[in-house]
Each structure stands twice: as structure tokens, then as C-alpha cells.
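**Q** Encoded as C-alpha cells, here's the structure I'll be asking about.
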């Protein structure tokens, strides 16, 4: 999909952070971008800011964990704009801490948003994509989708699920002869959106900027890349996993500081979005 002009792009969790920057990057390529987020104010602010730049952007409030709500938004998009060409599954949450120090409901919520969210949204919008002459799906996984992450066990495993879902979809499309729907998994290290405030990136791996990664996501769609790992060293993880003994691979991760990276995680440094009274503020809905 080299030419994105007038292509309709839906991005989940795009009220701020990486999702917002990705929306801006696609819109600057001439795409018609639909921002979705669970927080009404974030959607309104994001749409206002991008429309003030003369970009073609619209917004819908949507809960990716609620199939009925996703269907409502899909029907609204069809009625007001038409079917989509590109789906970016970006929305997610993170909570950190030792496994037993994090309440069970937080672990379950992580899976609901990070793992089930992409499944629910893709299921609702896939008929749109299949009907187009060319289409694309992007799923935001993580570098932690390929390694263990102490202090973020359910976050990492939820992203393992995203990576498996993405690669399985791609293989299924190829098997069925539906190669016109491209599929990309994005596997970045820590992104400087505030979501991972307090973390210590591994040695030789700095914080990625959302603007840089957003531009790479656009290029992945244009070039139909199957997988994008960032920074470069993250792309070496699969090779090390299959060529090094397990004990040596764990020692490598330990030596690089991967296992202690989440020790000082503090959550989102920005003002969190409103949450119900029964929820704790250490689980943050984020856009990347």
C-alpha cells in the first residue's frame, strides 16, 4: 500500500502517546484517520489538535474490550465515512510490580485490553479489510513479546499473545489466498511516552521516541513488512533464542539489565485518565 492518500485508517488507543503520533503520521500522508480511545476527552483533544493542522481526522469513543461497543463504532464509521482500509491495534495497558503484589483484577484487565482487545476489534473490522483490493493490519506487540519480563509478567505474556495472533493471522491469510491483506507485528523496546516512567532500558538500548516509531509504522504499511523490531538489537532476540542455550540466553538478558528494568517502574508520569472508583490508579490506559 504505497499510496495512503484517501485510505481510511482506524487506530485504537490514539488519544495520546504513540497512537496519537501514528494518527498524525498517517494523516500527513493524506490518509483519512479515525482516532478511537476509551477516554472521551482524549479523543476530543486529539481530533481538535490534528484538525487544526488541516489534517483529515475523526474520532470515536470506543472500549476495545466490549464487542458490542466495537460493533457500535464500526456501524457508526460505516454510516458516516465508509469501510476502513487499515487497522492499527495500538490500545493497551500496563501495570508493574511483583506478580503477587499486583491485584488479580489488574492481571486480568491486562489480558482483556492487550490480548483480547486486538482480537475483538480485528474480528469486527476484518470483513471491511477483506473486501478491499488492498488492506493492512498492524498489531502493537513489544520487545517483551519475545522475552521474559520480571515485574511485568502479565504485560509481557499479553504481548506474546499479540505476536502469536499477528503471525497466525498472516499465515491464515496466505493459506486462504488472501494475501491482499497485509499483517505487521511491531515489537519495540520502551517508548518515551511516560507509560514506562521509571524503567531502566537495557544496556545499549535507549528510549524510543513515539514520533520516530510512528513514522516507521507508516513505512511498514507502505512496504508490507511482516515484523518490525526496534531498536536494532531487539531484532537479534529471535536469533539468540534459537542459537544460545536457555541458561546462556537468560544470563545474557540478566547481564543487559532486562530483568531489573521494571524494578523502579512508577506508572504514567502524566495525569492518568479517569478510572472508576473501584480501580487503582497504577493501571493506566495508554496509547502506545
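The values are calculated or read from the model by the stated rules, or taken from the named source; none is laboratory data. Computed from a prediction, not measured in an experiment: that's the story for all the values here. Cβ: placed from backbone, ideal geometry, glycine included. Neighbour counts: every protein chain shown.
**Q** In segment 207-217, how many residues are in contact with a strand residue (DSSP E or B) (Cβ under 7 Å, 6 or more places away or on another chain) and assigned to a helix (DSSP H, G or I)?
**A** The number of residues fulfilling the criteria is 4.
**Q** Let me ask you something else. Any residue in segment 199-206 that is touching a residue at least 60 places away in the same chain (Cβ under 8 Å) and in contact with a strand residue (DSSP E or B) (Cβ under 8 Å, 6 or more places away or on another chain)?
**A** To start, the set of residues in segment 199-206 that are touching a residue at least 60 places away in the same chain (Cβ under 8 Å) comprises 199-201.
Filter again for in contact with a strand residue (DSSP E or B) (Cβ under 8 Å, 6 or more places away or on another chain), leaving none.
So far as segment 199-206 goes, no, none of its residues is touching a residue at least 60 places away in the same chain (Cβ under 8 Å) and in contact with a strand residue (DSSP E or B) (Cβ under 8 Å, 6 or more places away or on another chain).
**Q** Test residue 115 against the criterion of being part of a helix (DSSP H, G or I), surrounded by 23 or more Cβ atoms within 10 Å (Cβ to Cβ) and either at pLDDT below 95 or out of contact with any strand residue (DSSP E or B) (no Cβ under 7 Å at 6 or more places or on another chain) (or both), and give yes or no.
**A** No, not satisfied.
**Q** Residue 96 - would you say it is part of a helix (DSSP H, G or I), over 17 Å from the mean Cα position of the chain (by Cα) and surrounded by 13 or more Cβ atoms within 10 Å (Cβ to Cβ)? Break it down stepwise before answering.
**A** Details: part of a helix (DSSP H, G or I): no; over 17 Å from the mean Cα position of the chain (by Cα): yes; surrounded by 13 or more Cβ atoms within 10 Å (Cβ to Cβ): yes.
Answer is no for this residue.
**Q** Now for a separate question. Go through segment 248-265 and count every residue that is loosely packed, with under 15 Cβ neighbours inside 10 Å and either part of a loop (DSSP other than H, G, I, E, B) or under 16 Å from the mean Cα position of the chain (by Cα) (or both).
**A** 1
**Q** Looking only at segment 218-247, how many residues end up being touching a strand residue (DSSP E or B) at 6+ places or on another chain (Cβ under 8 Å), closer than 20 Å to residue 168 by Cα and part of a helix (DSSP H, G or I)?
**A** Qualifying residue count for the region: 4.
**Q** Assess whether residue 200 counts as being more than 12 Å from the chain's Cα centre (by Cα) and either part of a helix (DSSP H, G or I) or surrounded by fewer than 23 Cβ atoms within 10 Å (Cβ to Cβ) (or both).
**A** yes
**Q** Next question. Could you give every pair whose Cβ atoms fall below 8 Å, whose first residue belongs to segment 61-86 and is at negative phi and crowded, with 18+ Cβ neighbours inside 10 Å, and whose second residue is modelled with pLDDT under 95 and part of a strand (DSSP E or B), counting only separations of at least 6 or pairs across chains?
**A** Listed by first residue and then by second, the contacts come to nothing, as the list is empty.
**Q** Hey, can you tell me all the residues within segment 178-194 that are assigned to a loop (DSSP other than H, G, I, E, B) and more than 18 Å from residue 211 (Cα to Cα)?
**A** If the condition is that a residue be assigned to a loop (DSSP other than H, G, I, E, B) and more than 18 Å from residue 211 (Cα to Cα), then 178, 179, 180 are the ones that fit.
**Q** Could you list all residues from segment 236-247 that are without any contact (Cβ under 8 Å) to a residue 12 or more places away in the chain and within 24 Å of the chain's Cα centre (by Cα)?
**A** 236, 239
**Q** Of everything in segment 58-110, what is farther than 28 Å from residue 133 by Cβ, modelled with pLDDT of 95 or more and in contact with a strand residue (DSSP E or B) (Cβ under 8 Å, 6 or more places away or on another chain)? Give them in sequence order.
**A** Hits for segment 58-110 are 61, 109, 110.
**Q** Output the residues belonging to segment 126-136 that are surrounded by fewer than 21 Cβ atoms within 10 Å (Cβ to Cβ) and either closer than 14 Å to residue 10 by Cβ or free of Cβ contacts under 8 Å to residues at least 24 places away in the same chain (or both).
**A** Within segment 126-136, 126, 127, 128, 132 qualify.
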